[in-house]
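A.B. asks: Quick one: the structure is below, and I'll ask about it shortly.
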2 protein chains.
Amino acid sequence: MRLYTYYRSSAAYRVRIALNLKGLSYEAVAVHLRKNEQNAAAYRAINPQGLIPTLTADGHAIGQSLAIIEYLDETHPEPPLLPPEPHARARVRQIAYVIACDIHPLNNLRMLRHLKDRLGLDDDALTVWQHHWMVEGFAAIETLLADSPDTGRFCHGDTPGLADICLVPQIYNARRTGVDLAPYPTMTRIEAACQERPAFAAAHPTRQPDAE
Amino acid sequence: MRLYTYYRSSAAYRVRIALNLKGLSYEAVAVHLRKNEQNAAAYRAINPQGLIPTLTADGHAIGQSLAIIEYLDETHPEPPLLPPEPHARARVRQIAYVIACDIHPLNNLRMLRHLKDRLGLDDDALTVWQHHWMVEGFAAIETLLADSPDTGRFCHGDTPGLADICLVPQIYNARRTGVDLAPYPTMTRIEAACQERPAFAAAHPTRQPDAE
């Protein structure tokens, strides 16, 4: 398998964690987002959105990090990234989608460039923007986690899964941009538990070959 | 089952289609987004994001439309909304997530209000904004559909599924805001095939009890 990745892309970071949790080796191909390598015709040919990540496996190219992770979970079931029971699976996916749909695409590099280039936002305004969507989403996630008996050492029970895979890169982004994480003690407690696991630690942006 | 819905929410529209395809009856509870009923404490108690839709079933409340649809597919397997083979499932989820992650959350009511209230965008600027993200995503989806032998009468083969469920409400939004759909003949051909199906037709915003 080959993963087209960028060290600081949180969508790629998710897939790196999933691959590590599954114990799968892969060839990492760095695509430098700030140098716009994602818009090269050769990359667009495998990912028409020009977004990171893409996984190629068995002659297929899969874009969208959560499509990749569900694929990995279906083709390599152990250890599972989703619990077996449908309500529990829905709970885990709901938390994952709060991040993957309602936080991250509003704050990624593509969006920040658009806000700067088209709407003229300066760096301070971009930070306000990013914090706004993180705080909105984090408040909901903290409630979903803190109010549920299903929350364990990780977002769901005592083994890490899809929700944790989305949570850790989003908290990394939050720290980078200076979000106050004090209102989210359950989230940060779970993040600390994740960081103790080699699968999460090895996927960290600073540990990637293309880190700057 | 009870679905908290709003006639013009495209995320709720997706779930209505899925419920209809499965032949499941449900109680529709209208939550009026423009009157901010989604922010009432009673609704926030079942959906801490204050977003539509929520499905309640067997004492559980599920937020996030795609988490609901995967749940429905797991608990009511016939007819399936995802194909059986993992690469095919990944393809369908990829198309669905292009819409659910990279178009819709950038253009929903929550975002448009933010752009208007915080950044002072006027109606023309809001339309430019919406079109931009739709055109970006539609170009990718058209390529994914037109270039693949897996595309049939619907996004994947000859039965409607998760990708079609996301596509139809997004094209409804595109028409409402005046996007030129001529560059996307595969998408509009599939949308027309969907509209012939009673499950899609009955889920249309204008056919809902809370339609204005």
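The values are calculated or read from the model by the stated rules, or taken from the named source; none is laboratory data. Only a predicted model underlies this, so the values are computations on that prediction, with no experimental measurement involved. Please note: Cβ atoms are built from the backbone with ideal geometry, for glycine as well, and neighbour counts cover all protein chains shown. All accessible areas refer to the heavy atoms of the entire protein, side chains included, with ligands and DNA or RNA removed. Shrake-Rupley method; radii C 1.70, N 1.55, O 1.52, S 1.80 Å.
A.B. asks: Under the rule of at least 5 residues apart or a separate chain, name every residue whose amide H is placed under 5 Å from the amide H of B:G157.
C.D. replies: B:T151, B:G152
A.B. asks: Okay, moving on. Within the stretch B:86-199, what whole-number % of the accessible surface is contributed by carbon and sulfur, with the 1.4 Å probe and all protein chains included in the calculation?
C.D. replies: Numbers: 2120 of 4200 Å².
Summing carbon and sulfur atoms, their accessible area is 50 percent of the total for the stretch B:86-199.
A.B. asks: Counting only heavy atoms of the protein chains, get the accessible area per residue of the stretch A:82-205 (1.4 Å probe) and round it to a whole Å² value. Before the final figure, lay out each step's value.
C.D. replies: Details: 4580 Å² over 124 residues.
That works out to 37 Å² for each residue.
A.B. asks: Take every residue in peptide B:105-115, count the Cβ atoms of other chains within 10 Å of its Cβ, and give the average of those counts. Spell out each step's value before the answer.
C.D. replies: On the way: counts 9, 6, 0, 2, 0, 4, 3, 0, 0, 5, 2.
Per residue, the average neighbour count from other chains is 3.
A.B. asks: In terms of Cα to Cα distance under 26 Å, which lysines are near enough to A:K22, apart from those fewer than 8 places away along the same chain?
C.D. replies: In chain and number order, there are no partners.
A.B. asks: Which whole number of Å³ per residue matches the convex hull of the alpha-carbon atoms in the stretch A:1-46? Write down the numbers at each step before the final one.
C.D. replies: Values: hull volume 3.2 nm³, N = 46.
With only Cα atoms used, the stretch A:1-46 gives 69 Å³ per residue.
A.B. asks: Can I ask one more? Please report the spacing between the Cα centers of the stretch A:62-98 and the stretch B:1-49 in Å, no decimals.
C.D. replies: 24
A.B. asks: Something else now. Where nothing but the Cβ of Lys and Arg (+1) and of Asp and Glu (-1) is charged, how large is the charge dipole of the stretch B:2-79 around its Cα centre, in debye to the nearest 20? Write out the running numbers ahead of the final one.
C.D. replies: Details: 8 positive and 7 negative charges, 99 e Å.
Magnitude of the dipole: close to 480 debye.
A.B. asks: At most 16 other Cβ atoms within 10 Å and a DSSP loop assignment: could you name the trypsin sites (Lys or Arg not before Pro) in the stretch A:66-160 that fit? Before the final figure, lay out the partial values.
C.D. replies: Numbers: sites: A:R89, A:R91, A:R93, A:R110, A:R113, A:K116, A:R118, A:R153; in loops: A:R153.
Sparse-neighbourhood loop trypsin sites (Lys or Arg not before Pro): A:R153.
A.B. asks: What lysines could a cross-link reach from B:K35, if we take a straight Cα to Cα line under 18 Å and drop same-chain neighbours fewer than 8 places away?
C.D. replies: B:K116
A.B. asks: Further, regarding this structure: Among the complete DSSP H segments of chain B, which ones combine at least 20 Å of alpha-carbon extent along their axis with a mean Kyte-Doolittle hydropathy of -0.5 or more? Write out the running numbers ahead of the final one.
C.D. replies: Numbers: long enough: B:86-102 (22 Å, 0.03); B:123-146 (33 Å, 0.36); B:162-176 (22 Å, 0.30).
Helices meeting the span and hydropathy rule in chain B are B:86-102, B:123-146, B:162-176.
A.B. asks: Right, another one. Using the Cα atoms of the protein assembly as shown, I'd like the radius of gyration and the largest Cα-Cα distance, Dmax, both in angstrom.
C.D. replies: Every Cα atom of the protein assembly as shown included, Rg and Dmax give 20.0, 56 Å.
A.B. asks: Output the relative contact order of chain A, whole-number percent, from Cα pairs under 8 angstrom with separation of 6+ residues.
C.D. replies: Details: 250 pairs, mean separation 54.0, N = 212.
Relative contact order of chain A: 25 percent.
A.B. asks: Right, next: Check each of the trypsin sites (Lys or Arg not before Pro) in the stretch A:3-41 and keep only those in coil by DSSP with at most 13 other C-beta atoms within 10 angstrom; list them in order. Each step should come with its number before you reach the end.
C.D. replies: Numbers: sites: A:R8, A:R14, A:R16, A:K22, A:R34, A:K35; in loops: A:R8, A:K22, A:R34, A:K35.
Taking the stretch A:3-41 and a limit of 13 other Cβ atoms within 10 Å, the loop trypsin sites (Lys or Arg not before Pro) found are A:R34, A:K35.
A.B. asks: On to the next question. Show me, for the stretch B:34-40, the HN-Hα J-couplings you get by feeding each phi into the Karplus relation (A = 6.51, B = -1.76, C = 1.60, θ = phi - 60°), rounded to Hz, glycine and proline as x.
C.D. replies: Karplus values, whole Hz, x for Gly and Pro: 6, 9, 6, 5, 5, 9, 5.
A.B. asks: Suppose you put the label 7 Å out from Cα in the Cβ direction; list, shortest first and in nm with one decimal, how far A:R113 is from each other copy's label.
C.D. replies: The answer, with the shortest distance listed first, is 3.1 nm.
A.B. asks: Need one number: buried accessible surface between chains B and A, 1.4 Å probe, both sides summed, DNA, RNA and ligands left out, in Å² to 100. Could you put the intermediate results ahead of the total?
C.D. replies: Values: alone 10270 and 10280 Å², together 16490 Å².
Roughly 4100 Å² of accessible surface disappears when B and A pair.
A.B. asks: Distances from B:R2 to the same residue in each other copy, label points 7 Å out along Cα→Cβ, in nm, shortest first?
C.D. replies: Reported distances to equivalent positions: 5.2 nm.
A.B. asks: If you plug each phi of the stretch B:48-58 into the Karplus form 6.51 cos²θ - 1.76 cosθ + 1.60 with θ = phi - 60°, what whole-Hz ³J(HN,Hα) values come out, in order, with x for Gly and Pro?
C.D. replies: Calculated HN-Hα couplings, in order: x, 6, x, 10, 9, x, 10, 10, 10, 7, 6 Hz.
A.B. asks: Kirkwood hydrodynamic radius, chain A, all distinct C-alpha pairs: what's the number in Å?
C.D. replies: Numbers: mean 1/r = 0.0569 Å⁻¹.
Hydrodynamic radius (Kirkwood, Cα only) of chain A equals 17.6 Å.
A.B. asks: Then there's this: Quick one: work out the % antiparallel among DSSP beta bridges in the stretch B:1-101, nearest 5. Each step should come with its number before you reach the end.
C.D. replies: Values: 7 of 11 bridges.
Expressed as a percentage, antiparallel bridges in the stretch B:1-101 total about 65.
A.B. asks: Put a label point 7 Å from Cα along the Cβ direction on A:D158, then list its distances to the equivalent points in the other copies in nm, shortest first.
C.D. replies: 5.2
A.B. asks: Could you tell me the convex hull volume per residue, in Å³, taken over the Cα atoms of the stretch A:31-120? Each step should come with its number before you reach the end.
C.D. replies: Working: hull volume 10.0 nm³, N = 90.
So the per-residue hull volume is 112 Å³.
A.B. asks: Moving on to the next point. List the residues of the stretch A:70-104 that lose 40 Å² or more of accessible area once all protein chains are present, compared with their chain alone (1.4 Å probe, heavy atoms only, no ligands or nucleic acids).
C.D. replies: With the partner chains in place, the stretch A:70-104 has these residues losing at least 40 Å²: A:Y71, A:E74, A:P86, A:H87, A:A90, A:R93, A:Q94, A:Y97, A:C101, A:D102.
A.B. asks: Checking the a/c ratio against 1.5 first, then a/b against b/c, what shape does the Cα gyration tensor give for the stretch A:2-79?
C.D. replies: Details: a/c = 2.19, a/b = 1.63, b/c = 1.34.
Prolate, since a/c reaches 1.5 and a/b exceeds b/c.
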